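Trainee: A single structure is presented below for examination.
No lab work stands behind these numbers, since they all come straight from the coordinates. These numbers come from a predicted model, not from an experiment. Cβ atoms come from the backbone with ideal geometry, glycine included; neighbour counts cover every protein chain shown.
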Amino acid sequence: MSDILILNGRLIDPANHVDANRDLLLRDGRVAAVEQPGGFRGVEAAETIDATGLVVAPGLIDVHVHLREPGQTYKESIATGTAAAAAGGFTTVVAMPNTVPVNDTVAKLEWMLDAARGSVVKLFAMPAATVGSMGDALTDFDGLRAAGAVGFTDDGKPVLEDDIMRAALIAAARAEVPVSQHAEDTRLTGGCSMNAGPMAFRLGLRGMPVEAEARIVERDIQLLREIERAEGLRPHLHVQHVSTARAINVIRKAKKEGLHVTCEIAPHHFALNEAAVGDYDTHAKMNPPLRSEADRTRMVEALLDGTADCIATDHAPHAAFEKRQEFERAPNGITGLETALGLALRVLHREHGLPLSRIVELMSASPAAITSLAGRGTLGSGQVADVVLFDAGAEWSFDANSSRSKSRNTPFDGAAMLGRVRSTICEGRIVYRA
Amino acid sequence: MQSVSESATAQSPYAQGSLLSVAHLSVEEVSAILGEAARLEVLAPAERSGILRGRTAALLFYESSTRTRTSFELAAKSLGATTTLVSDKSSSIEKGESLKDTGLTLRALGAECIILRHPASGAPFVLARETGLPVLNAGDGMHEHPSQALLDLRTILTRLFGADSASSVGEHTLDGVTIAITGDILHSRVARSNAMLLPRLGARVLLCGPTKLLPEDALGLGPGVEIVHDFDRALAQCQVAMMLRIQKERLAGLELDLGDYIHRYQLNGERLAAFAPSALVMHPGPMIRGMEIADDVADGPQSAIEEQVRHGLAVRSALMARALGGSKGLRI
């Protein structure tokens, strides 16, 4: 087999509390050994990577991506989306189920995860929590779990009905995976296309109130309490793309209470506020929307103080013609896989002093733990050889036209980034090299 | 971090002569437009009709309109321009053609300027970006109606200070003038444009209406804007009472007790006499008589409603000339 030696790098492996110069030997898709610098002197490998000046970290993991296959491959395919992931330093992504058709059966899940789809990195999926994501009847949680599901979600919309959400949390608890909730009370957001507030008023756009997010989080947490009491189960609620201080505060309290709640924050929610909508820029339109500066600041704090468990991109590609129309008509979402690390390092590390090891943790070990991915998110000996090498000090600006994604819908075209991915290695194979 | 940038001097990605938002106009530009309107109004018809001879403007209307459409059309024609009207009901828009493609088609057919009315807020920005043509916003969703605010300004200046004072403005022209805008503020593009324009000329703008139709967020329109929910109190302070229609088509499930609304917010003769006996009464139209305004007021001596329509023709002529570069002194 083709061994890979990574020499002279700074290994950051938060799960093992390592932040030091180490050399790594990758063999048969696993980390064969980790040594002090120079420890592999005399060892021959098919490939030797000189990582001088680079951070060597567990490959990044994104628990929230939209790859659009099947059904909307004009926006993205599993192959192109995962190529973008590799370029962004990700070695594992979790595909959302709102494809066409919705990923809600074992057959569809198996089709999606089949090697024939050409995934460049390790692909997992969260199938729909309800049939067709219609919110009425649960999917086959046990069968889907056995086929590889790492969670359940109706992402794009919430599981709105109390009884259905309760049943989903119970079934997911038995299957030992989270229910990943898109927290939006859609009864409050009909016809809305940005954050509610003075800016939406001025632009004449109907605004999504922060309550729409907080209410569903509150309801779901109440369900966790009830289920723990009544069923003796410990369900895991994962709150997707938290965007409001209100929701973060509710999550923080629930964690203190000991409930099993985790949450993710998307880079755009800590890097941008609603002002980015500007003159109706549809590249600043997503759901949940960009919020006020106070909310943005709170997202940064939540990442600094540990309330937020991980960073997830909500990579949501759309074709140019779909975004180049009236703001209210344009679909929600932006691409994010190639800008996540650069934004995290620029905003959280440089501007707010979050240590590199915490950023690596938020983007590898923590998402691995949320989705119970054994052997991933850490680089201890014997673990999966998923590695990212990046130059943490490199300043660059993102060029959307150079993206590996099929789509270009990003508000970060031309934006300053910090930290550049040099190589991405997935299961011992080099899947990206700058 | 990104910040809101509304300065009129900021580099604009939109073709010169576009008018998408009153926020894009400097006070000097507002003044120049008023000056041009005054100049064009008194030109001999023969001279006026030479100004845009050979030029082509398209009116693209996705919503119905009487005043705005007709006055833009008549303004363009009086300056000698050729106009073509495209409406969503009788074009390929019905077949699903996008705004971008519709704009590019009009451009390919020779349109040098597009006047757009559209139900989606911000649609004129899309059209201006995609076509590169000057675009005049003739009302976009709940966002803005800039030409209405300019004609309202000209009406106010003429009635308060005389016709001679309506051809230029500065930052203090409306010092001491209070304008009460009353009604369905939430859904009103006229309210937004006026509330963003008039305070920059020194005016105080009182927004008035029930809480459901007037959220606190309206204060974000800018300094000089205040919220007063009590109509009588607002009337008692104003020199200009601008009334707005309840936009039933945009209520989107909002419940409103119309009887109560009439009781609290209708401008009728009794109320006007009691609280604002000398105020100027304005309405951008369409009026719903018996709802927000009573007959006696609409047709009474304090009403400037018909004059507003006439000023619309003059202001829109100036905007057409500005968009197509047919006016002197406006292009720098």
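Trainee: At a Förster radius of 51 Å, what calculated FRET efficiency corresponds to the Cβ-Cβ distance of A:GLN36 and A:ASP163, to the nearest 0.05? Don't skip to the end; give the middle numbers.
Mentor: Details: r = 57 Å, r/R0 = 1.12.
Approximately 0.35, to the nearest 0.05.
Trainee: Further question: Where does chain B land on Rg/Rh, using Cα atoms and the Kirkwood Rh?
Mentor: Across chain B, the Cα-based Rg/Rh ratio is 0.96.
Trainee: Separate question: Taking only Cα atoms, what is the 0 to 90° angle, nearest 10, from helix B:67-78's long axis to the longest principal axis of chain B?
Mentor: So the helix axis and the longest Cα principal axis differ by about 40 degrees.
Trainee: In whole Å, largest first, what are the principal axis extents of the Cα atoms in the stretch B:147-308?
Mentor: Reported extents, whole Å, longest axis first: 44, 34, 26.
Trainee: Please compute the Kirkwood hydrodynamic radius of the stretch A:77-176 from all pairs of different C-alpha atoms, in Å with one decimal.
Mentor: When all Cα pairs of the stretch A:77-176 are included, the Kirkwood radius is 13.8 Å.
Trainee: Then there's this: Need one value for A:192-204: mean number of C-beta atoms belonging to other chains within 10 Å of its residues' C-beta atoms.
Mentor: That works out to 6 on average.
Trainee: 7 Å from Cα along Cα→Cβ at both B:MET291 and A:ARG234: what's the point-to-point distance in nm?
Mentor: In this crude spin-label approximation the distance works out to 6.0 nm.
Trainee: Three principal axis extents, largest first, for the C-alpha atoms of the stretch A:242-288, in Å?
Mentor: Principal extents (Cα only, largest first): 44, 15, 14 Å.
Trainee: Could you give the Stokes-Einstein D for the stretch A:23-154 in µm² per second, using the C-alpha Kirkwood radius, 37 °C, 0.692 mPa s?
Mentor: 197
Trainee: For the protein assembly as shown, state what percent of all Cα-Cα pairs lands in each successive 10 Å bin, counting from 0 Å until the bin that includes the largest distance.
Mentor: With 10 Å bins starting at 0, P(r) equals 3, 13, 20, 20, 16, 13, 9, 4, 1, 0, 0.
Trainee: Pull out a ≥ b ≥ c, the square roots of the eigenvalues of the alpha-carbon gyration tensor of the stretch A:1-82, then state rounded if a/c is under 1.5, prolate if not and a/b is larger than b/c, and oblate in the remaining case.
Mentor: Prolate, since a/c reaches 1.5 and a/b exceeds b/c.
Trainee: Restricting to DSSP H runs of at least four residues, report the calculated mean residue ellipticity at 222 nm for the protein assembly as shown, -39500 (n - 2.57) per run over all residues, nearest 500 deg cm²/dmol.
Mentor: The per-residue figure over the protein assembly as shown is -9000 deg cm²/dmol.
Trainee: Between the DSSP loop rule and a limit of at most 13 other Cβ atoms within 10 Å, which trypsin sites (Lys or Arg not before Pro) in the stretch B:251-332 are left?
Mentor: Of the trypsin sites (Lys or Arg not before Pro), the ones in loops of the stretch B:251-332 whose Cβ has at most 13 other Cβ atoms within 10 Å are B:LYS328, B:ARG331.
Trainee: For the Cα atoms of chain A, what angle does the longest principal axis make with the long axis of helix A:211-231, in degrees from 0 to 90, nearest 10?
Mentor: 80
Trainee: Using label points projected 7 Å from each Cα along Cα→Cβ, tell me how many nm separate B:LYS95 and A:ALA374, to one decimal.
Mentor: 6.0
Trainee: Return the equivalent ellipsoid semi-axes of the stretch B:70-224 as a descending list in whole Å, where each equals the square root of 5 times an eigenvalue of the C-alpha gyration tensor.
Mentor: After diagonalising the Cα gyration tensor, the semi-axes are 32, 21, 12 Å.
Trainee: What angle, in degrees between 0 and 90 and rounded to the nearest 10, separates the Cα long axis of helix A:162-175 from the longest principal axis of the Cα atoms of chain A?
Mentor: Its long axis makes an angle of about 20 degrees.
Trainee: Using a 10 Å cut-off around each Cβ, can you sort B:LEU157, B:LEU313 from fewest to most neighbouring Cβ atoms? Numbers along the way, then the final one.
Mentor: Numbers: B:LEU157 23, B:LEU313 19.
Ordered by Cβ neighbours within 10 Å, fewest first: B:LEU313, B:LEU157.
Trainee: I've got another one for you. For the stretch A:59-375, take N as its residue count and report Rg(C-alpha) divided by 2.2 N^0.38 Å.
Mentor: Here the answer is 0.92, to two decimals.
Trainee: Expected output is a single nm value to one decimal: the length gained when fully extending between B:GLU216 and B:LEU109, i.e. 0.36 nm times separation in residues minus the C-alpha distance. What is it?
Mentor: Gain in length upon complete extension: 34.0 nm.
Trainee: Using alpha carbon centroids, what distance separates the stretch A:68-105 and the stretch B:185-210, in Å?
Mentor: With the stretch A:68-105 and the stretch B:185-210 each reduced to a Cα centre, they are spaced 47 Å.
Trainee: Hey, another quick one. For a quick check of your reading of the filter: which GluC sites (Glu not before Pro) in the stretch A:248-316 sit in a DSSP loop and have no more than 12 other Cβ atoms within 10 Å?
Mentor: A:GLU257
Trainee: Now, a different point. May I ask you to list the GluC sites (Glu not before Pro) in the stretch A:123-229 that are in a DSSP loop and have at most 12 other Cβ atoms within 10 Å of their Cβ?
Mentor: Numbers: sites: A:GLU161, A:GLU176, A:GLU184, A:GLU211, A:GLU213, A:GLU218, A:GLU226, A:GLU228; in loops: A:GLU161, A:GLU176, A:GLU184.
Those satisfying the criteria are A:GLU176.
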